[in-house]
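A quick write-up on the structure given underneath.
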Amino acid sequence: MNNNNPAGMLDTIIIGGGQAGLALGYFMKGQKRKFLILDASQRSGDSWRQRWDSLRVFTPAKYDGLPGAPFPADRLSFPTKDEVADYLEGYAAEFDLPVIHGIRVERLWREGDHYAATAGGRRWEARNVVVATGSTQTPEVPGFAAELDSSIKQVHSSQYRNPQQLREGPVLVVGLGNSGAEIGLEVSRTRPALVAGKPTGEIPVKHGKAAARYAFPVVRFLGLHVLTLGSPIGRKVAPAMKAHAEPLIRTKTRDLAAAGVHVVPRVTGVADGMPVLADGTRLEVANVVWCTGFREDFSWIDPALLDGGAMPRQWRGVALDSPGLFFLGQRFLYAEVSDTLPGLGRDARYLAARIPAPAAHGSGVAAA
């Protein structure tokens, strides 16, 4: 046994201790597997805890629970981000999941008949590895952001907390997805606000308890059972849906207009230190909030395990060319909701049933 591998040869390493990793851990614990969850955060739930202060989830609490533990709130309410964070922390504790915090894996590669991962001089070995780092890994900002005048306060949506961190003066929110719409509406209460971009669509019902009761069951059914890689329509729309932001759910363009938020064309560049729109307009602003999404970052994984730096060929998270390698929590991994609280439980259950567990090597959960 490698002395730097404190748990010995593991059955499975789950890299990522967010909602996806915890859901899979629940099933692995039930199977009495020898596994560890390596999490870069300092506490379970930090991926939610560190988002902007006023954020609420878009789905009602009745759909926000992970396997084995319903969400502890009014079934038709929409939990705050801190309530979700606390729920995830409590979930890990309730099921005594073996999570090691503060571990950001730096390298993952295959070594003979098993995998090896390293972080901060420590090393772990396992026959199986599940990459559950999610779909919001590395903030995406256009290259011309560096050309903006130094007087402009720039933050990505992952860094935005509330309007108080912005400078006085107009705010340009770049990107009209759900984050852009929500943040644009919030900052408009204290500053002139513009949102640049065009939504991919809008859910045609008013968000709230009535929608939670009548509309969301239909939306959930479509996301779980129709828009999947197992259906012809799902396979047809998946590439476009993965490439674009989701339709507006709670804050719609009419809400922005009613609040005095100006929706403008997309930002295409910079002139004299100020952002320029697709129609040539140069904007004088004091702040830019980049709601331009995230990109997958698998740079820490051996390129031999990837497909040109991207997730390799897989089916429902099972890598087809690398036995023992699995993925969980990515958007449209199998269904449109695969990266959401309502959808990842099914994917976790599917993977747990397919991760091989050689009986000859014993069982039991590794002590974290």
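Computed from Cα atoms, the angle from the helix 19-30 axis to the main principal axis of the chain rounds to 20 degrees.
Skip the ligands, DNA and RNA, and give the accessible area per residue of the chain with a 1.4 Å probe, whole Å².
Working: 16530 Å² over 368 residues.
Here the per-residue accessible area is 45 Å².
Antiparallel versus total DSSP beta bridges in the chain: what percent is that, nearest 5? Kindly include the intermediate steps, with their values, before the conclusion.
On the way: 24 of 57 bridges.
Taking every DSSP beta bridge with both residues in the chain, the antiparallel ones total about 40 percent.
Distance between Cα centroids, the stretch 68-121 to the stretch 170-185: provide it in whole Å. Between the Cα centre of the stretch 68-121 and that of the stretch 170-185, the gap is 29 Å.
Amide H contacts for N287 (H built 1.01 Å from N in the peptide plane; partners 5 or more residues away or on another chain; cut-off under 5 Å): K153, L172. In sequence order, the stretch 47-62 has phi-based couplings of 4, 8, 4, 8, 8, 5, 4, 8, 5, 10, 5, 8, 9, x, 4, 5 Hz under the Karplus curve 6.51 cos²θ - 1.76 cosθ + 1.60, θ = phi - 60°, and Gly or Pro positions carry x. Compute the Cα gyration tensor for the stretch 186-308, then decide on rounded, prolate or oblate, letting a ≥ b ≥ c be the square roots of its eigenvalues: rounded whenever a/c is under 1.5, prolate when a/b is larger than b/c in the other cases, and oblate in all that remain. Oblate shape, in that a/c is at least 1.5 and b/c is the bigger or equal ratio. The shape of the stretch 52-187 comes out oblate: with a ≥ b ≥ c from the C-alpha gyration tensor, a/c is at least 1.5 while a/b does not beat b/c.
Of the residues P204, P312, P79, the one that moves most in a GNM of the chain with alpha-carbon contacts below 10 Å is P204. Its Cα centre serving as origin, the chain has a Cβ charge dipole (Lys and Arg +1, Asp and Glu -1) of approximately 940 debye. Carbon and sulfur: what percent of the chain's accessible surface (1.4 Å probe)? With neighbouring chains kept in place, the figure for the chain is 52 percent.
Between the beta carbons of D272 and E140, assuming R0 = 25 Å, the FRET efficiency works out to 0.50 to the nearest 0.05. The mean sequence distance of close C-alpha pairs (under 8 Å, at least 6 residues apart), as a share of the length of the chain, puts its relative contact order at 24 percent.
Per-residue 3J(HN,Hα) values for the stretch 340-347, derived from phi via the Karplus relation 6.51 cos²θ - 1.76 cosθ + 1.60 with θ = phi - 60°, read 10, 4, x, x, 7, x, 5, 5 Hz in sequence order (x marks Gly and Pro).
Counting each pair of different Cα atoms once, what's the Kirkwood radius of the chain in Å, rounded to one decimal?
Values: mean 1/r = 0.0457 Å⁻¹.
Roughly 21.9 Å, rounded to one decimal.
You can think of it this way: the chain between K209 and R123 has 26.2 nm of extra reach, that is 0.36 nm per residue less the Cα-Cα gap. Between A243 and R295, the distance separating the two model label sites (each 7 Å from Cα on the Cα→Cβ line) works out to 1.6 nm. Residues whose amide H lies under 5 Å from that of R107, counting only those 5 or more places away or on a different chain, are T118; hydrogens are built 1.01 Å from N in the peptide plane.
The values are calculated or read from the model by the stated rules, or taken from the named source; none is laboratory data. All values derive from a computational prediction rather than experimental measurement. No Cβ is skipped: glycine too gets one built from the backbone with ideal geometry, and neighbour counts run over all protein chains shown. Remember, those area values only see protein heavy atoms, side chains included, never the ligands or the DNA or RNA. Shrake-Rupley method; radii C 1.70, N 1.55, O 1.52, S 1.80 Å.
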